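S.K.: Before we start, here is the structure in question, set down as structure tokens.
The values are calculated or read from the model by the stated rules, or taken from the named source; none is laboratory data. None of the values given here were measured: they were computed from a predicted structure. Cβ: placed from backbone, ideal geometry, glycine included. Neighbour counts: every protein chain shown. SASA here: full protein model, heavy atoms, side chains in, ligands and nucleic acids out. Shrake-Rupley method; radii C 1.70, N 1.55, O 1.52, S 1.80 Å.
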Amino acid sequence: MDDELNVTYITLGGYVEMGNYRYLYFFIMFIVYILAMTFSSTIVYLIGIHKNLHEPMYIFIAALLLNSIVYNTVMYPKLLSDFLSEKQIVSYSACLFQYFVYYTLSASDFFLLAAMAYDRFVSICKPLQYPTIMSKTTVSIILFLSWLVPVCEFGANTIAMSKKKLCNLNLKNIFCNNSIYKLFCVRSIALTVFDGFALLNMVLLPLLFILFTYARILIISYRSGKNVRKKAAQTCLPHLIVLICFSCLCAYDVIIIQLESDLHFIMTLQAFLYYPLFNPVIYGLKMKEIFKHLKRLFSQAKVK
């Protein structure tokens, strides 16, 4: 089977008997896909063309939404085609690519959320030092590492997985995530060690850093005046909402492999249904400067 790895096809067994509902699923997910791509692209465009949004906080938001655009581009076309197909299959190489993109972008999101937390900490707690600390060079390095580290780590892991022998060609999921391990004849110690390292390095440590940073912001804001508390609430609340939602999604991904087919299918669809729209809606409505530009853009569109 190793010699035929590139032509091996995996059956996606996470789909239940959809019957006539397949067209309803397709329609709903297609609308979500179009809206998510439109909202995310619009906010990234606004951040790019308006100089007053060329600040670290908005640059990190744009990077987070760029991740969402890539994620939607990779995941949704296959998902939509499977709703209309009688048999849902994927080549093993495409499955590995989907796995790589999914976890690379997820890890990158955690790093970017950590960068946002640090940016808010410096802005609120050290305002006089903010221009020096959060310089263009610093922001560029943070962005570079937020993408490079996950790419390198999951790239090496994906290459190792591509050489594993398969004893099962039925994946009980609707896309390729951690359940891909059940395809292997033997799960190696190296992959187990990598999973533990990745969980610590790209999830737990960034999450602990974020919680510590926001705790410091809360303490300092509480001791400061009303204006500081208002600024903290306005700029930190959207990030905290996104963090909570994303953390819940990641926690679900860890346990998803244990769920049975019907519940598995329904719960996974919830992740595809809500989360792609969540980030652009939260940042578009809750970030004051972005919302102002959105209103102006829609006003101009109505006039035309």
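S.K.: Name the long-range amide H neighbours of Ile10: under 5 Å, sequence gap of 5 or more, or other chain; modelled H, no Pro or chain starts.
M.R.: Amide H to amide H, under 5 Å and 5 or more residues apart or across chains, Ile10 pairs with Val90, Ser91, Tyr92.
S.K.: Taking the alpha-carbon distance from Lys126 and a cut-off under 29 Å, which lysines remain once sequence neighbours fewer than 8 residues away in the same chain are dropped?
M.R.: Filter leaves Lys51, Lys136, Lys226, Lys230, Lys231, Lys286, Lys288, Lys292.
S.K.: Also, quick follow-up: Under Stokes-Einstein, with the Kirkwood radius over Cα pairs standing in for Rh, what whole-number D in µm²/s applies to segment 1-129 at 10 °C and 1.306 mPa s? Don't jump to the answer; show the numbers that get you there.
M.R.: Values: Rh = 17.5 Å.
The estimated diffusion coefficient comes to 91 µm²/s.
S.K.: OK, next. Given the convex hull of the Cα atoms of segment 150-194, what is a quarter of its surface area in nm²? Please report the intermediate quantities before stating the final value.
M.R.: Details: hull surface 13.3 nm².
Orientation-averaged projected area of the Cα hull: 3.3 nm².
S.K.: Another question, then. For the chain, modelled as a GNM with alpha-carbon contacts under 10 angstrom, which of Ile217, Ile89, Ile49 fluctuates the most?
M.R.: Ile49
S.K.: Ignoring ligands, DNA and RNA, please state the percent of accessible area on segment 101-228 from carbon and sulfur, probe 1.4 Å. Mind showing how you got there, number by number?
M.R.: On the way: 4710 of 6570 Å².
In segment 101-228, the share of accessible area belonging to carbon and sulfur is 72 percent.
S.K.: Percent relative contact order of segment 6-85, based on C-alpha pairs within less than 8 angstrom and at least six residues apart?
M.R.: Values: 35 pairs, mean separation 32.1, N = 80.
This gives 40 percent for segment 6-85.
S.K.: Mind ordering 38-45, 172-179 by average Cβ neighbours within 10 Å, highest first? Show your work: numbers first, answer last.
M.R.: Numbers: 38-45: 18.8, 172-179: 21.1.
Highest-to-lowest ranking by the protection proxy: 172-179, 38-45.
S.K.: What is the packing order of peptides 57-66, 152-161, taking the mean over residues of other C-beta atoms within 10 Å and listing the highest first? Could the numbers behind the result be given before it?
M.R.: On the way: 57-66: 22.7, 152-161: 15.9.
In decreasing order of mean packing, 57-66, 152-161 become 57-66, 152-161.
S.K.: Provide the per-residue ³J(HN,Hα) series for segment 191-197, in order, calculated from phi with Karplus coefficients 6.51, -1.76, 1.60 and θ = phi - 60°, each as a whole number of Hz, with x at glycine and proline positions.
M.R.: Each residue's phi maps through the Karplus curve to give 5, 5, 5, 4, 4, x, 5 Hz.
S.K.: Sticking with this structure for a sec: Using θ = phi - 60° and the Karplus relation 6.51 cos²θ - 1.76 cosθ + 1.60, list the HN-Hα couplings for segment 60-67 in order, rounded to whole Hz, with x at every Gly or Pro.
M.R.: Coupling constants for segment 60-67: 5, 5, 4, 5, 5, 6, 4, 4 Hz.
S.K.: Where does the chain land at 222 nm, in deg cm²/dmol rounded to the nearest 500, when only DSSP H runs of n ≥ 4 count, each adding -39500 (n - 2.57), divided by all residues?
M.R.: -25500 deg cm²/dmol
S.K.: Next question. With θ set to phi - 60°, apply the Karplus curve 6.51 cos²θ - 1.76 cosθ + 1.60 along segment 28-37 and write out the HN-Hα couplings as whole Hz, x wherever there is a Gly or Pro.
M.R.: My calculation for segment 28-37 gives 4, 5, 5, 5, 4, 4, 5, 5, 4, 5 Hz in order.
S.K.: Now for a separate question. Trypsin sites (Lys or Arg not before Pro) within segment 43-107: which are DSSP loop residues with at most 10 other Cβ atoms inside 10 Å? Each step should come with its number before you reach the end.
M.R.: Values: sites: Lys51, Lys78, Lys87; in loops: Lys87.
Passing both the DSSP loop test and the Cβ count: Lys87.
S.K.: Using a probe radius of 1.4 Å on heavy atoms only, what accessible surface per residue do you get for the chain? Whole Å² is fine.
M.R.: Working: 15960 Å² over 304 residues.
It amounts to 53 Å² per residue over the chain.
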